[in-house]
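J.: I'd like to ask some things about the structure below.
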Amino acid sequence: MFSSFVQDVQRLDTLNKTELKVEKEFEDIKLKGRVAAYNEEEIIELKTCSSLSYIRKPKEENVIQLNAYMGLTGIHNGKLIYIQKNNFESKTF
């Protein structure tokens, strides 16, 4: 529902920073990414999808990405927000 999306966006307003570039090299592997929004306590990763009906839990690859960001930044709390493209309905995990 649109109100859920509005609440999620309002939650982002409580975060004081958006789009943080993270990068770390481990021997021959380099991890790079961009955190959607964050503050000292929490990372928010935004994902769009065509339909929320099939999302019952976070996708494994999105959880891995969020965990990598948390590890690279030292921030230990995070949320994944899936946003349906056609109506901005959202689900938060």
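J.: Out of (1) modelled with pLDDT under 85; (2) open to solvent by less than 100 Å² (accessible area, probe 1.4 Å); (3) closer than 14 Å to residue 79 by Cα; (4) not in a loop (DSSP other than H, G, I, E, B), what's the single condition that is false for residue 3?
T.: (3)
J.: Do you know which residues across the range 48-66 are part of a loop (DSSP other than H, G, I, E, B) and not charged (D, E, K, R)?
T.: Here is the first cut: in the range 48-66, the residues part of a loop (DSSP other than H, G, I, E, B) are 50-59.
Selection gives 50, 51, 52, 53, 54, 55, 58.
J.: How many residues does the range 21-42 hold that are closer than 23 Å to residue 88 by Cβ and open to solvent by 80 Å² or more (accessible area, probe 1.4 Å)?
T.: 1
J.: Further question on the same structure: Can you tell me which residues in the range 80-90 are touching a residue at least 40 places away in the same chain (Cβ under 8 Å) and within 18 Å of residue 35 (Cα to Cα)? Outline the logic, then answer.
T.: Narrowing the range 80-90 to residues touching a residue at least 40 places away in the same chain (Cβ under 8 Å): 81, 83, 87-90.
Across the range 80-90, the qualifying residues are 81, 83.
J.: Another question about this same structure. So residue 45 passes all but one of these: (1) under 15 Å from the mean Cα position of the chain (by Cα); (2) at pLDDT 85 or above; (3) surrounded by 12 or more Cβ atoms within 10 Å (Cβ to Cβ); (4) not in a strand (DSSP E or B). Which condition number does it fail?
T.: Residue 45 satisfies every listed condition except (4).
J.: Also: Out of the residues in the range 67-93 that are part of a helix (DSSP H, G or I) and touching an Asp or Glu at 6+ places or on another chain (Cβ under 9 Å), state the one that is surrounded by the fewest Cβ atoms within 10 Å (Cβ to Cβ).
T.: Going through the range 67-93, the residues part of a helix (DSSP H, G or I) turn out to be 67-73.
Checking the rest, the ones that are also touching an Asp or Glu at 6+ places or on another chain (Cβ under 9 Å) come to 69, 72.
On the way: 69: 21, 72: 17.
Out of the qualifying residues, it is 72.
The values are calculated or read from the model by the stated rules, or taken from the named source; none is laboratory data. Since this is a predicted model, take the numbers as computed values, not measurements. With ideal geometry, Cβ positions are generated from the backbone for all residues, glycine too; neighbour counts draw on all protein chains shown. Protein only, heavy atoms only, side chains kept; ligands, DNA and RNA dropped before computing areas. Shrake-Rupley method; radii C 1.70, N 1.55, O 1.52, S 1.80 Å.
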